[in-house]
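Readers should treat all values here as calculations from the given coordinates under stated rules, not as data from a laboratory. The structure presented is a predicted model; accordingly, all values stated were derived computationally and were not measured. In this analysis, Cβ positions are derived from the backbone assuming ideal geometry, glycine residues included, and neighbour counts consider all displayed protein chains.
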Amino acid sequence: MANKGNSGTGTRSEVMVELERLDKGSAVALVGHPIHVMMVHFPIAFVVATLGVDVIYWWTGDPFWIRAGLWAAGFAFWSGVAASVVGTAELLLVRGIRLKEASWSHAVAAMTLVALAGANWGVRLLYPDQILPHGLVLSALSSVMTGFAGWHGGKLVFDHGVGILVSPKE
Ligand code: HEM
């Protein structure tokens, strides 16, 4: 019967075996819970909320939504920066995470998202009259990038076992 992990010669690549053996557990955790994973919900929620607020503003024209969008975009950006600082610490401190290509794909997608979220906040601070269309377009791009970065982050945990701490309890 074929062994999925075999390279065809009956033995697995030594590099892959070594990589899988390396610790990929979280280094920045609170009572065993990875802090990055606890933080990422905030940028995800605020980025999507900003898009929702922009659509309502486009629909109603009510200036209340300009202020709501400024706050939502600000929280999206700063909570993204905070989550990224912790994510970067994981990436740099844990060899098993650092050596995985997938970790870097996630980091690049996440940094692109945070840059877009920062631009979105900046547009609202400096040019509130430019929300339609520039803010709306940035909100849509940020939401797409959030999906991309979040999907890559999920793959890290569920496909690569990154950040999973296995309890010694049965
Ligand atoms: C440079 C920035 C970032 C780096 C280096 C990074 C790195 C990581 C790492 C190493 C993990 C695995 C879990 C852990 O070890 O804690 C992870 C998971 C994850 N990251 Fe990031 N991250 C960054 C920014 C972000 C941002 C801004 C978001 C928001 C969209 C995000 C969303 C996620 C998600 C959704 C997971 C999976 C969590 C789960 O399934 O429970 N990351 N990230």
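Let me confirm something: among 115, 72, which residue is more than 10 Å from the ligand (Cβ to nearest atom), over 24 Å from residue 160 (Cβ atoms) and in contact with a Phe, Trp or Tyr (Cβ under 6 Å, 6 or more places away or on another chain)? Please lay out each step first, then the result.
Values: 115 fails: in contact with a Phe, Trp or Tyr (Cβ under 6 Å, 6 or more places away or on another chain).
Answer to the check: 72.
Here's a check for you: in segment 126-149, which residue that is under 19 Å from residue 60 (Cβ atoms) and polar (S, T, N, Q) is surrounded by the fewest Cβ atoms within 10 Å (Cβ to Cβ)?
Applying the filter and picking the extreme gives 130.
Only one residue in 48, 86 is surrounded by 13 or more Cβ atoms within 10 Å (Cβ to Cβ), within 16 Å of the chain's Cα centre (by Cα) and closer than 17 Å to residue 103 by Cα, so which one is that?
Details: 48 fails: closer than 17 Å to residue 103 by Cα.
Selected residue: 86, the only one of 48, 86 that is surrounded by 13 or more Cβ atoms within 10 Å (Cβ to Cβ), within 16 Å of the chain's Cα centre (by Cα) and closer than 17 Å to residue 103 by Cα.
Quick check, is residue 99 in contact (Cβ under 8 Å) with a residue 40 or more places away in the chain and more than 10 Å from the ligand (Cβ to nearest atom)? Steps first, please.
On the way: in contact (Cβ under 8 Å) with a residue 40 or more places away in the chain: yes; more than 10 Å from the ligand (Cβ to nearest atom): yes.
It is true that residue 99 is in contact (Cβ under 8 Å) with a residue 40 or more places away in the chain and more than 10 Å from the ligand (Cβ to nearest atom).
For residue 45, state whether it is part of a helix (DSSP H, G or I), within 12 Å of the ligand (Cβ to nearest atom) and touching a Ser or Thr at 6+ places or on another chain (Cβ under 9 Å).
Numbers: part of a helix (DSSP H, G or I): yes; within 12 Å of the ligand (Cβ to nearest atom): yes; touching a Ser or Thr at 6+ places or on another chain (Cβ under 9 Å): yes.
Yes, satisfied.
I'd like to know if segment 64-81 contains one or more residues that are buried (at least 19 other Cβ atoms within 10 Å of the Cβ), of a type outside the set (D, E, K, R), within 20 Å of the chain's Cα centre (by Cα) and in a loop (DSSP other than H, G, I, E, B).
Looking for residues that are buried (at least 19 other Cβ atoms within 10 Å of the Cβ), of a type outside the set (D, E, K, R), within 20 Å of the chain's Cα centre (by Cα) and in a loop (DSSP other than H, G, I, E, B), one finds none in segment 64-81, hence no.
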